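A short worksheet on the structure shown next.
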Amino acid sequence: MILYNVNEGVAIISWNMEGYPMNVLNEKSIEAFNGAIDKAIADTEVKGIIITSEKDSFVAGADLNMITRLFEQKVDAKQGLENARALNQVFRKYETCGKPVATVITGHALGGGFEICLASHYRIMVNNPKAKVGLPESKIGLLPGAGGTQRLPRLVGIEAAAPLLLEGRELAPDKALQTGLINELVSDKANGIEAAKKWIAANPNALQPWDEKDFKRNKVVGRVNYKVPGGNIQSPKGAQVMLPGTALLMGKTYGNYPAQLAIMNCVYEGLQVPIEQGLEIESRYFTSLLMSPVAKNMVRSLFFALGDANKGVARPKGVAPTNIQKVGVLGAGMMGAGIAYVTALAGMQVVLKDVTLESAEKGKDYSRDLLKASLSKGKITKEKEEQVLALIKTTDKADDMQGCDLIIEAVFEQRELKNKVTQEVEKFLTSTAVFGSNTSTLPITGLSEASTRPENFIGIHFFSPVDKMPLVEIIMGKQTSDYALALTIDYVLKIKKTPIVVNDSRGFYTSRCFSTYTTEGIEMMAEGVNATLVENAGKMAGMPVGPLDVADAVAIDLAYKVMKQTELDTGEKIEDMPSGKVVKKFVEELERFGKKNKKGYYEYPENGKKYIWPGLQELYPLAQTQPTLEEAKKRLLHRQAIEAVRCLEEGVVADVADADIGSILAWGFPPYTGGVLSYIDMIGLAAFVKELDELAAKHGERFKPTERLREMAKNGETFHQVYAKKKEKMETVG
Ligand code: NAI
């Protein structure tokens with residue numbers, strides 16, 4: 001696991017975890033590493049230590065399975081603190097051992113992996129542009145708990161350290177050198193070892209700049225008056241970073257993300273004392289995060305569930321890997337143009353069809369523009385730009401679809417047109433080709449009736465803008481085969497997006513739940529709740545934008561169109577639908593369609609910032625009693641959550657993890673909750689049901705808990721428990 005060799009008086013401690021694609025810090029590897037460090041310190045022949053890796057990555061971070069074990073053990077605060085201190089003690093031991101310690105970073109050094117490096121006195125990195133160093137813990141609700149919050153600002157200054165710690169930014173070797181995270185770049189590991197030996201020979205008594213030798217006690221201790229580069233916390237420069245930094249952070253997160261706040265505290269408190277106490281402060285904050293539900297939810301959804309989805313966990317096991325070479329895209333409008341771009345970028349041939357060659361070329365312009373921008377930013381080479389463009393063939397002829405492995409239809413949202421293009425193209429396809437529709441509202445089973453091969457018909461729902469949005473919602477029609485699903489998942493993974501799989505239903509999963517956010521916001525405003533309060537409640541609850549703002553961006557007339565189609569298909573009157581009356585009025589009477597005609601719930605002045613349309617208050621006068629902020633937030637989030645529960649019970653979304661990931665990636669449900677069902681688990685089902693009953697009594701049936709939810713609450717269950725059991729059973733049977 002950890003190799004140990006002494007060579008010319010230098011101990012080389014090299015990470016080499018078998019059975020792991022990358023080295024990680026877990027109970028066993030930490031113990032082995034600690035043992036190797038002890039041996040090197042005790043050996044009087046050893047004059048210096050090199051820490052490196054046998055793999056072409058260094059150490060990728062803490063094993064999140066270990067972190068999960070810590071979550072599950074439900075350790076008390078005291079035990080948690082002991083655990084947090086343990087790793088810090090190992091690192092502090094070699095940092096103060098009196099022998100020079102260098103790291104040779106062979107590739108990725110992230111999280112705990114980079115903290116190993118920070119505790120060494122000299123950092124040498126192999127110049128592989130794909131390798132990254134950094135402390136990404138804050139992205140999953142944690143903080144760098146092995147000295148990262150203390151050593152990084154002491155090394156590079158508070159200002160440079162802040163974005164690396166708070167946003168978890170990772171740096172390539174050249175940037176890491178520029179910022180001072182590493183000391184030297186080398187071409188390969190062998191050169192790195194040579195350079196490390198040279199440095200050790202020249203620095204026999206290496207010390208960290210924040211430490212000094214206490215000759216009386218013959219030991220290395222943290223300096224009391226260490227000067228942080230760029231200024232100490234209490235200096236004017238430090239205050240310039242910390243004060244606005246805290247305000248900015250609160251402005252961005254509304255206090256929903258305890259990790260970022262804890263990091264600020266670690267830096268603020270820890271940099272006023274010698275490093276030993278700083279590390280103790282960090283351990284305490286780390287323990288508090290470990291015991292909070294936010295980190296647990298974020299790790300589960302954004303690391304494990306997302307990782308599984310990105311590995312294609314939903315792909316049917318029995319289907320051999322597919323080899324998609326050529327993809328036909330029907331419709332070169334906003335969506336088709338984006339789909340063509342991401343497909344060609346992933347190296348597949350694209351046939352982009354529209355009604356005229358000119359329209360198809362216009363669609364290809366989207367790729368031309370994006371590639372040009374990437375080229376000018378130096379992100380791609382001229383050769384890459386040409387390669388990608390050469391992969392996109394534009395056409396106005398259906399027979400050019402011959403030889404396509406997959407067709408993605410993105411023509412106008414009209415059933416008859418979609419049926420027509422399906423039939424037009426299908427006759428040129430082989431029996432293995434799959435036909436996918438990017439419809440946003442029309443049920444897939446109905447659309448597949450136009451096909452002679454409904455088993456090869458599937459929904460591939462992208463989000464706009466296609467090149468930026470990370471999720472693709474795959475919709476199974478009644479007859480869609482495992483093969484079609486497997487091929488579609490293969491395609492989604494090839495374009496490096498996250499697939500979730502859902503069953504057919506109106507609005508599928510994501511649009512159905514997302515629309516409850518906007519409709520609830522509109523309902524509140526129409527009841528006389530101050531529109532500013534509605535918008536702020538949405539943002540402060542953690543949604544990316546307020547409900548009225550996003551309703552304007554999506555377009556009010558589009559929402560009206562969907563309502564009309566629903567009325568036609570189900571018989572439910574628009575006036576009886578949540579927000580129906582308002583939407584109808586805005587489109588039919590007021591012609592306020594949203595951002596697109598610069599008139600919606602907001603006003604969009606030519607040369608100024610948008611603001612809430614003052615006419616709202618005339619139409620919907622303010623109610624005498626306004627809800628508290630907490631009530632308004634609850635209404636907006638609970639409404640989405642109960643819709644997700646219904647989707648799960650109806651089988652629209654089959655998987656709790658998919659429901660959670662989909663909610664975060666598709667419509668921006670607050671990541672700190674871990675997703676829409678984790679949110680309910682976090683509140684507790686009994687409390688959630690009680691709150692829903694109260695909301696239903698006040699605001700209507702749409703909040704009413706389902707019977708199954710009541711039963712789960714009564715049994716003390718949680719969604720993730722029930723799901724974990726079900727999954728375990730499936731895996732045992734499978
Ligand atoms: P769009 O109006 O920008 O583009 C549609 C394109 O289809 C036009 O360029 C049109 O000329 C072309 N077209 C019409 N008949 C055709 C035919 N017979 N053969 C080939 N091309 C034909 O529409 P947009 O926004 O790209 O939407 C396309 C589809 O994607 C719709 O079904 C929509 O519901 C769905 N969708 C839209 C999203 C959005 O945010 N706009 C998000 C997810 C899905």
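Assorted remarks:
- Candidate lysines for bridging to Lys714, where Cα separation is under 25 Å - those fewer than 8 sequence places away on the same chain excluded: Lys74, Lys296, Lys634, Lys690, Lys698, Lys704, Lys725, Lys726, Lys727, Lys729
- Residue list for segment 348-370, given a label point 7 angstrom along the Cα-to-Cβ vector of Asp399 and an amide N cut-off under 18 Å: 351-357
- Applying the criteria of a DSSP loop state and at most 15 other Cβ atoms within 10 Å to the chymotrypsin sites (Phe, Trp or Tyr not before Pro) of segment 190-234 yields Phe215.
- Sites Leu629 and Glu603, calculated FRET efficiency, Cβ-Cβ separation with R0 25 Å, nearest 0.05: 0.55
- Angle in degrees between helix 629-649 and the longest Cα principal axis of the chain, rounded to the nearest 10: 70
- The chain, relative contact order [Cα under 8 Å, separation at least 6], %: 9
- Along segment 599-614 the Karplus relation, 6.51 cos²θ - 1.76 cosθ + 1.60 evaluated at θ = phi - 60°, assigns HN-Hα couplings of 9, x, 6, 10, 9, 10, x, 3, 10, x, 7, 5, 8, 4, 4, x Hz to successive residues, with x for each Gly and Pro.
- In nm, spacing of pseudo-spin labels at Leu389 and Glu72 (7 Å Cα→C-beta vector): 5.3
- Cross-link partners of Lys55 among aspartates and glutamates (Cα-Cα below 19 Å; sequence separation of 8 or more within a chain): Glu18, Asp63, Glu115, Asp188, Glu194
- More than 27 Å apart - percent of Cα-Cα pairs taken over segment 401-543: 30
- Karplus (6.51, -1.76, 1.60) ³J(HN,Hα), θ = phi - 60°, over segment 699-712, in Hz, Gly and Pro reported as x: 10, x, 4, 4, 8, 5, x, 7, 5, 4, 5, 4, 5, 4
- Available extension along the chain between Lys93 and Thr570 is 164.7 nm, counting 0.36 nm per residue and deducting the alpha carbon span.
- Rounded to 5, the percent of DSSP beta bridges in the chain classed as antiparallel: 30
- Using every pair of distinct Cα positions in the chain, the Kirkwood expression returns a hydrodynamic radius of 28.5 angstrom.
- Net length gained if the chain between Glu694 and Glu650 were fully extended (0.36 nm per residue, minus Cα distance): 13.4 nm
- Of all DSSP beta bridges confined to segment 326-501, the antiparallel ones make up roughly 15%.
- When each of Lys353/Lys377; Lys397/Lys427; Lys364/Lys393 is checked by Cα-Cα distance, pairs over 20 Å: Lys353/Lys377
- Rounded tilt (10° steps) of 719-733 against the dominant C-alpha axis of the chain: 90
- For segment 2-291, DSSP calls about 40 percent of its internal beta bridges antiparallel.
- Gyration tensor (alpha-carbon) shape descriptor, segment 2-291, a/c threshold 1.5: rounded
- Take every pair of alpha-carbon atoms less than 8 Å apart whose residues are at least six positions apart; their mean separation over the length of segment 2-291 yields a relative contact order of 19 percent.
- Three-way shape call for segment 306-383 based on the alpha-carbon gyration tensor, with the a/c threshold at 1.5: oblate
- Euclidean distance between Cα centres, segment 500-549 to segment 612-683, Å: 6
- Percentage relative contact order, segment 192-277, counting C-alpha pairs under 8 Å, at least six apart: 29
- Pairwise label distance in nanometres, Phe215 with Tyr254, each label 7 Å out on the Cα-Cβ vector: 5.9
- Reachable lysines from Lys596, criterion Cα separation under 18 angstrom, eight or more residues apart if same chain: Lys561, Lys584, Lys585, Lys609, Lys610
- Prolate/oblate/rounded call for segment 655-726, Cα gyration tensor, a/c under 1.5 rounded: oblate
- Taking the C-alpha atoms only, the angle from helix 556-570 to the longest principal axis of the chain is near 60 degrees.
- Taken over segment 326-501, the percentage of Cα pairs per 5 Å bin, counting from 0 up to the bin with the maximum distance, is 1, 9, 19, 23, 22, 15, 6, 3, 1, 0.
Bear in mind these aren't lab numbers, they're just calculated from the coordinates by the rules spelled out. Since this is a predicted model, take the numbers as computed values, not measurements. Cβ: placed from backbone, ideal geometry, glycine included. Neighbour counts: every protein chain shown.
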